[in-house]
Amino acid sequence: MKKLFIVALLALGLNGFAQEVSAWSTKKVEKMTTELSLTAEQQKLMLPLFEEQKKLYDDIKANPDTKDANRAKIREIGKQINAILTPDQVARQKELKANK
C-alpha cells in the first residue's frame with residue numbers, strides 16, 4: 001500500500017512539470033495540418049517551435065525595445081519550420097500565401 005501511495009504521488013508530481021501548450025500554438029499546428037497534411041511526427045516537431053514563436057510575440061508586446069531581435073528569432077524559427085516540411089508542402093504553403 002505504501003508503494004502504491006508513493007507511485008501515485010510521483011505521478012501527480014510529474015504532471016505538474018508538464019509544459020502547458022498555448023491555444024495559439026495548437027491552432028497554428030491544426031491549421032497547418034489541415035492545409036498541408038502534416039504527419040504526426042511533423043506536428044510534434046512544430047508545436048514547440050510555435051510555442052517559442054508565441055513567447056517571442058508576447059515579449060514584443062511587453063517590451064517593444066526587443067522587437068528587432070525577436071523578429072530575427074521569429075524568422076529563424078520560421079526557417080526551422082520550413083525545414084520540417086516536404087518540398088510539396090512548401091510549394092502548397094507558398095501557393096496558399098499567394099492566394100491570400
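Which members of the stretch 68-88 meet the condition of being closer than 10 Å to LEU49 by Cβ and of a type in the set (S, T, N, Q)?
Residue satisfying the conditions is GLN80 alone.
Evaluate the following for LEU14: is it surrounded by 10 or more Cβ atoms within 10 Å (Cβ to Cβ) and modelled with pLDDT under 95? Talk me through it step by step, then tell me what you get.
Values: surrounded by 10 or more Cβ atoms within 10 Å (Cβ to Cβ): no; modelled with pLDDT under 95: yes.
Spelling it out, it is not the case that LEU14 is surrounded by 10 or more Cβ atoms within 10 Å (Cβ to Cβ) and modelled with pLDDT under 95.
Output the number of residues of the stretch 66-97 satisfying the condition of being over 16 Å from the mean Cα position of the chain (by Cα) and among the hydrophobic types (A, V, I, L, M, F, W, C).
Result for the stretch 66-97: 5.
From the list LYS79, LYS100, LYS67, which residue is of a type in the set (D, E, K, R), at pLDDT below 95, surrounded by fewer than 16 Cβ atoms within 10 Å (Cβ to Cβ) and under 24 Å from VAL21 (Cα atoms)? So that I can check it myself, show each step before the final result.
On the way: LYS79 fails: at pLDDT below 95; LYS100 fails: under 24 Å from VAL21 (Cα atoms).
Just a single option satisfies the conditions, and that option is LYS67.
The values are calculated or read from the model by the stated rules, or taken from the named source; none is laboratory data. Just so we're clear, the structure is a prediction, and the values are computed from it rather than from any experiment. All Cβ positions, even for glycine, are placed from backbone atoms using ideal geometry, and neighbour counts span all protein chains on display.
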